[in-house]
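In what follows, a structure is listed as structure tokens, so that the remarks can point back to it.
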Amino acid sequence: MQAAPVHPLPAVSRGPAPDLAPAACRDQLGRPLKDLRLSVIDRCNFRCTYCMPRERFGRDYPFLTPAQRLSDQELLEIARGFVSLGVEKVRLTGGEPLLRKGIESLVEGIASLRTPQGRQVEVAMTTNGSLLARKARSLRDAGLGRVTVSLDSLDDRTFRAMNDVDFPVGRVLEGIEAARAAGLAPVKVNCVVERGTNDAQVLPLIEHFRGSGVTLRFIEYMDVEGPSAWSQSRVVPSGEIRAMVERAHALVPVVRRASETSSNYLIADGSLRLGFISSVSHPFCGDCTRARVSVDGRLFLCLFATDSVDLRAHLATNHPADAVADVVREAWQARGDRYSELREELREDRRASGKRQYPTVRMSLVGG
Ligand code: SAM
Ligand code: SF4
Ligand code: SF4
């Protein structure tokens with residue numbers, strides 16, 4: 001019998017998709033501007049060793065002063081500018097976003113924005129969960145939709161050591177429960193896996209969240225400025241974590257949506273959705289549709305960008321959102337950033353020139 005002709009699978013397209021943002025908002029690599037990560041504060045009540053190690057972020061660290069931070073109204077105008085360009089999802093982050101006073105009214109303001117097509121803007125938040133138990137309900141009432149809680153360990157001793165402020169894991173678990181009870185959805189839990197520190201927590205976290213409806217995502221430890229202790233050897237590649245999981249559970253892949261940063265799986269019995277964010281081992285710059293704005297009004301086109309575009313200067317005009325939109329459009333159209341794909345080259349160039357580390361932006365300023 002003659003074998004049926006084999007049709008190769010179509011190559012994964014990294015180019016523009018027809019139903020995405022208007023051509024005006026595509027960058028040099030054809031990536032549409034789709035999401036805004038808005039950092040609402042650069043301070044944090046944790047000192048996670050992989051993000052704000054206390055030896056660098058001590059009492060004398062020059063955090064932004066309240067006067068340097070944009071007001072709610074200014075942040076709202078920035079969000080409005082992005083939304084006018086087709087952005088439909090705004091994620092509030094920090095530092096720790098729940099430390100910002102009156103965060104609910106900012107959530108409410110952003111949730112009331114409409115895209116040019118009349119669609120409601122989705123407001124999401126990434127938080128360490130420390131204040132979520134008492135804020136989940138009011139955030140939900142203000143219009144927050146999805147929430148992502150960072151949780152690196154179920155083991156209290158490991159958790160306290162990683163947040164380095166002796167914060168108990170139980171209070172974050174209460175926050176996650178409160179988020180679910182308040183109807184925030186989806187609730188995701190992010191765990192940064194660091195070799196020798198919390199890699200033994202992967203399976204306990206899975207056991208804990210099975211059947212809960214929460215999505216659990218494992219993130220590779222990245223070389224963002226802050227932790228001087230970063231080295232490739234402390235990164236646990238997603239493939240290794242997945243193999244560890246697969247020794248205990250059968251996994252079924254879930255099709256990844258365009259611009260999603262994680263590769264997703266279901267535990268075969270349907271009890272838990274898992275995601276792997278592989279920014280070191282399998283960079284996804286080709287699908288990166290996110291802009292980041294720090295709370296002093298600077299636009300960063302890449303998580304690892306060291307230069308930024310000042311938006312604050314454009315807020316003091318009669319039509320601030322329009323002025324912001326014009327600047328953002330121009331900057332986005334010129335964007336060619338893809339640090340993670342070039343990581344080794346850039347770090348090698350840096351080493352060759354005698355400098356130890358490639359300079360990147362501070363994670364707690366742009367919010368991950
Ligand atoms: N404080 C909030 C929190 O922890 O969720 C929001 C800001 S935090 C900078 C945002 C995300 O960045 C968190 O999920 C955190 O785990 C992640 N992150 C920080 N430093 C990281 C690193 N070196 N590698 C990978 N992820 C990191
Ligand atoms: Fe704070 Fe989040 Fe950074 Fe931890 S990861 S230090 S909670 S900003
Ligand atoms: Fe996006 Fe920069 Fe991260 Fe690449 S390295 S995925 S361009 S933020």
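The values are calculated or read from the model by the stated rules, or taken from the named source; none is laboratory data. Just so we're clear, the structure is a prediction, and the values are computed from it rather than from any experiment. All Cβ positions, glycine included, derive from the backbone under ideal geometry; neighbour counts span all protein chains shown. Accessible surface areas use protein heavy atoms only, side chains included; no ligands, DNA or RNA. Shrake-Rupley method; radii C 1.70, N 1.55, O 1.52, S 1.80 Å.
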Relative to the Cα centre, what is the charge dipole magnitude of the stretch 103-165, using +1 at the beta carbon of each Lys and Arg, -1 at the beta carbon of each Asp and Glu, and rounding to the nearest 20 debye? 220 debye
With x for Gly and Pro, the residue-by-residue ³J(HN,Hα) of the stretch 41-50, computed from phi through the Karplus equation 6.51 cos²θ - 1.76 cosθ + 1.60 at θ = phi - 60° and given in whole Hz, is 6, 9, 8, 8, 8, 10, 10, 3, 5, 8
Could you sort 317-325, 190-198 so that the peptide with the highest average Cβ count within 10 Å comes first and the rest follow in order? 190-198, 317-325
Compute the distance in nm between two label points, each set 7 Å from the Cα along the Cα-to-Cβ direction, one at residue 56 and one at residue 342. 2.1 nm
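Pull up the DSSP beta bridges for the stretch 32-366 and report the antiparallel fraction as a percent, rounded to 5.
Working: 14 of 47 bridges.
Roughly 30 percent of the beta bridges in the stretch 32-366 run antiparallel, per DSSP.
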Measuring from label point to label point, each 7 Å out along Cα→Cβ, what is the residue 317 to residue 141 span in nm? 3.8 nm
Here the relative contact order (percent) of the chain, from C-alpha pairs under 8 Å and at least 6 apart, is 21 percent
Once you have the Cα-Cα distance between residue 254 and residue 327, take 0.36 nm times their residue separation minus that, and quote the gain in nm to one decimal. 22.5 nm
Can you tell which of 82, 139, 38 lies farthest toward the positive end of the dipole of the chain, using +1 and -1 charges on the Cβ of basic and acidic side chains (Lys, Arg; Asp, Glu)? 139
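Give, in nm to one decimal, the length gained when the segment between residue 210 and residue 67 is fully stretched (0.36 nm per residue of separation minus the Cα-Cα distance).
On the way: separation 143, 0.36 × 143 = 51.48 nm, distance 4.46 nm.
Answer, rounded to one decimal: 47.0 nm.
With the alpha-carbon atoms as the only input, what is the per residue convex hull volume for the stretch 119-231 in Å³?
Working: hull volume 13.5 nm³, N = 113.
Convex hull volume per residue, Cα atoms: 119 Å³.
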Calculate, in nm to one decimal, what residue 114 and residue 334 gain on full extension: separation in residues at 0.36 nm each, minus their alpha carbon distance. 76.6 nm
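If you take all C-alpha pairs in the chain, what percent of them are over 25 Å apart? Provide the component values of the computation, followed by the final result.
Details: 37545 of 67528 pairs.
When all Cα pairs of the chain are counted, 56 percent exceed 25 Å.
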What is the distance, in nm, between label points placed 7 Å from the Cα along the Cα-to-Cβ direction at residue 307 and at residue 157? 4.9 nm
With no solvent and one equal point scatterer per Cα, compute the Debye intensity ratio I(q)/I(0) for the stretch 37-83 at 0.15, 0.19, 0.23 Å⁻¹ and report its log10, rounded to two decimals. -0.53, -0.72, -0.87
Run the accessible area of the stretch 261-338 with a 1.4 Å probe and give the carbon-and-sulfur part as a rounded percent. 47 percent
Which value, in debye to the nearest 20, gives the size of the charge dipole of the stretch 32-366 about its Cα centre, when Lys and Arg are +1 and Asp and Glu are -1 at the Cβ? 280 debye
